[in-house]
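Q: Take a look at the following structure, please.
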Amino acid sequence: MKKILSLAIVLICTLLPTSLRAADPIEGGAPYKIWTYPVVYRATDKVTWYFDMTDTKFKTGEDLYIWTWSPSEPDAGNWDNSSDFAKLTYKGDNIYTFTLIPEKYYGKPASDINANDDIFWGRLKTKTGLMQSDVFQINTSHLDWKTFVDSGEGSKPFPEKFSMKDPFSLLVDISKIPFAGKAGGLKDITWESLHLHSGLDMWTVQVQADMSKPEAIKKTQLTHVEGDIYRMDMIPMEYYGVESDYEAENIAWLITTHNPDWAGTTPDAVLKAAAAVPYPDPQFSFFPQKFSSLDILTLTRQYNGKTDGDLKYTLTAGEKTITGTLDGNRDKREAIINLAKELAGMTSLTKIHLKITNTNNVAVVDTDLPLVPLSEITYE
């Protein structure tokens, strides 16, 4: 009888839905932004995926792991205990990175990956899987790559217009780009490496291809990718060493050789910058602007700091303290407080004190809000 009962229990547990056998993961939200470096890469190239986890429910800086199932599932069977190879690197400011060579990580040839519509599917999660992000997609740039190779162009920027703080890639086809006055002229001579000679704002801030300086040779060298294709990758602000508020209008550039040095150049060319849209400064407001202890008060804070995270408020009215959270996202967080309920019976108040703190317990608002005395309220 005991054996039969044990078998029955096992059978019942087996038939139960997963959600009843183990707690469902807590939904942590979607990554705020995802990007790659380099911008243009093949399945056989090393690439770093960047995840901005601002406005998610994950704790700042906690260990996160990647769980990806397409085009294959590298960490299959380990949802409850992610493998070390799936761990992301925390870079600060809510930014995580994961570096891989897709062909090796997924154990699939590039041809199979490219046939997968150039999409990697996945989630980020805590090690034990108690919290997970929304499903995300990351596109490879196989189609962009193929389009450039087949285009007949000598060079192409990705994206077409650069931003100072974002990754940027320049592809060059030496069989097509003019050199020393001839299309494909680089194939007529022997050289050791190719180098980018360039400057922001029509050569105002330069990084010179100075072949007498080893550091310049290394910094300006293009990467040979395959066949006649070379690539230059950069984040313009870092590459040119300018301040974070510098907004360039263009990059002037040409390509030359090393060993022999400056055997010729490609024609001067200009890349255009995308229009810069700075993130607004934080703004706090409350409604109504004049209110009493009988009103409903709305607190709003827009354009919050990148690492502010959840905002918590503390209202102090006499000896009473009211606490809560401003819900929303980085662009707008808001709380609605029923003062008539919270301050019932407190008829002599002339002000309340408001303090709002971010996820690091730093005060972002700390001020008194005047109350219209109840004695001044008239009813018609």
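Q: Assuming a viscosity of 0.890 mPa s and a temperature of 25 °C, what translational diffusion coefficient in µm² per second does Stokes-Einstein assign to region 263-376, Rh being the Kirkwood radius over Cα pairs?
A: My calculation gives 149 µm²/s for D.
Q: Tell me the carbon and sulfur percent of the accessible area for region 76-200, rounded to whole percent, probe radius 1.4 Å.
A: For region 76-200, the apolar C and S fraction of the accessible surface comes to 48 percent.
Q: Further question: What is the gain in length, in nm to one decimal, between Thr223 and Asp75 on full extension, counting 0.36 nm per residue of separation less the C-alpha to C-alpha distance?
A: Here the answer is 50.1 nm.
Q: Could you tell me the calculated FRET efficiency between Lys182 and Ala275, based on Cβ-Cβ distance and R0 = 41 angstrom, to the nearest 0.05?
A: Step by step, r from the Cβ atoms, then E = 0.65.
Q: How much length would be gained if the chain were fully extended between Lys146 and Ser212, taking 0.36 nm per residue of separation minus their Cα-Cα distance, in nm to one decimal?
A: Extra length from Lys146 to Ser212 when fully extended: 20.1 nm.
Q: Thr44: accessible area at probe 1.4 Å, nearest 10 Å²?
A: 60
Q: Could you work out the relative contact order of the chain? I mean the mean sequence separation of Cα pairs under 8 Å and 6+ apart, divided by the number of residues, in percent.
A: Relative contact order comes out at 12 percent.
Q: Oh, and also: Could you estimate the translational diffusion coefficient of region 47-167 from the Stokes-Einstein equation, with Rh from the Kirkwood formula over C-alpha pairs, at 4 °C and 1.567 mPa s, in whole µm²/s?
A: Estimated via Stokes-Einstein, D reaches 81 µm²/s.
Q: Could you give the accessible area per residue of region 299-380, probe 1.4 Å, as a whole number in Å²?
A: With all protein chains present, region 299-380 gives 58 Å² per residue.
Q: Within region 341-380, what whole-number % of the accessible surface is contributed by carbon and sulfur, with the 1.4 Å probe and all protein chains included in the calculation?
A: Using a 1.4 Å probe with all protein chains present, region 341-380 comes out at 48 percent carbon and sulfur.
Q: Then there's this: Pairing the Cα long axis of helix 2-15 with the longest principal axis of the chain, what angle in degrees results, from 0 to 90 and rounded to the nearest 10?
A: On a 0 to 90 degree scale, this one is about 70.
Q: How large is Rg/Rh for region 225-283, to two decimals, with Cα atoms and a Kirkwood Rh?
A: That ratio equals 1.11.
Q: To the nearest 0.05, how large is the calculated FRET efficiency for Glu243 and Ala115 if R₀ is 41 Å and r is the Cβ-Cβ distance?
A: Taking R0 as 41 Å, the efficiency between Glu243 and Ala115 is 0.35.
Q: With the dipole of region 332-380 worked out from charges on the C-beta (+1 for Lys and Arg, -1 for Asp and Glu) around the Cα centre, which of Val372, Asn338, Asn358 lies farthest toward the positive end?
A: Among Val372, Asn338, Asn358, the one farthest towards the positive end of the dipole of region 332-380 is Asn358.
Q: Return one number: the angle in degrees, 0 to 90 and rounded to the nearest 10, between the long axis of the Cα atoms of helix 142-151 and the longest principal axis of the Cα atoms of the chain.
A: Rounded to the nearest ten degrees, it is 40.
Q: Report the label-to-label distance for Asp84 and Asp327 in nanometres (one decimal), using points 7 Å from each Cα along the Cα→Cβ vector.
A: A separation of 4.3 nm, rounded to one decimal place.
Q: If you place +1 on the Cβ of every Lys and Arg and -1 on the Cβ of every Asp and Glu, how big does the dipole about the Cα centre of the chain come out, in debye to the nearest 20?
A: For this selection, approximately 1120 debye.
Q: Give or take rounding to whole Å, what are the principal axis extents of the alpha carbon atoms in the chain, in descending order?
A: 91, 77, 37
Q: Separate question: Using alpha-carbon positions, what is the distance between the centroids of region 317-338 and region 118-176, in Å?
A: 40
Q: How far is the Cα center of region 287-314 from the Cα center of region 77-91, in Å?
A: Answer, in whole Å: 38.
Q: Further, regarding this structure: Treating only the Cβ atoms of Lys and Arg (+1) and Asp and Glu (-1) as charged, compute the dipole magnitude of region 277-380 about its Cα centre; round to the nearest 20 debye.
A: 220
Q: Okay, moving on. With r as the distance between the Cβ atoms of Glu27 and Glu334 and R0 = 22 Å, compute the FRET efficiency 1/(1 + (r/R0)^6) and round to 0.05.
A: With a Förster radius of 22 Å, E is 0.60.
Q: While we're on this one: Under the 0.36 nm per residue contour assumption, what length would be gained going from the current alpha-carbon distance of Asp368 and Met202 to full extension?
A: 54.6 nm
Q: Here is a follow-up. Taking Cα pairs under 8 Å and at least six residues apart, what relative contact order does region 274-327 come out at, in percent?
A: Once normalised by length, the contact order is 27 percent.
Q: Accessible area per residue for region 208-262 in Å², computed with a 1.4 Å probe and the full protein assembly in place, what is it?
A: In whole numbers, region 208-262 has 51 Å² accessible per residue.
Q: Counting only protein chains, not ligands or nucleic acids, how are Met234, Met202 ordered by accessible area (probe 1.4 Å), most first?
A: Putting Met234, Met202 in descending order of accessible area: Met202, Met234.
Q: Is there a quick way to get the dipole size of region 141-211? I mean about its Cα centre, with the Cβ of Lys and Arg at +1 and of Asp and Glu at -1; what is the value in debye to the nearest 20?
A: 100
Q: Then there's this: Show Met346, Met211 ordered by accessible area, largest first, where the area counts protein heavy atoms only and the probe is 1.4 Å.
A: Met346, Met211
The values are calculated or read from the model by the stated rules, or taken from the named source; none is laboratory data. Keep in mind it's a predicted model, so treat the numbers as computed, not measured. Heads up, the Cβs are rebuilt from the backbone with ideal geometry, glycines too, and the neighbour counts pull from every protein chain shown. We work out accessible area using only protein heavy atoms, side chains counted, and drop any ligands, DNA or RNA first. Shrake-Rupley method; radii C 1.70, N 1.55, O 1.52, S 1.80 Å.
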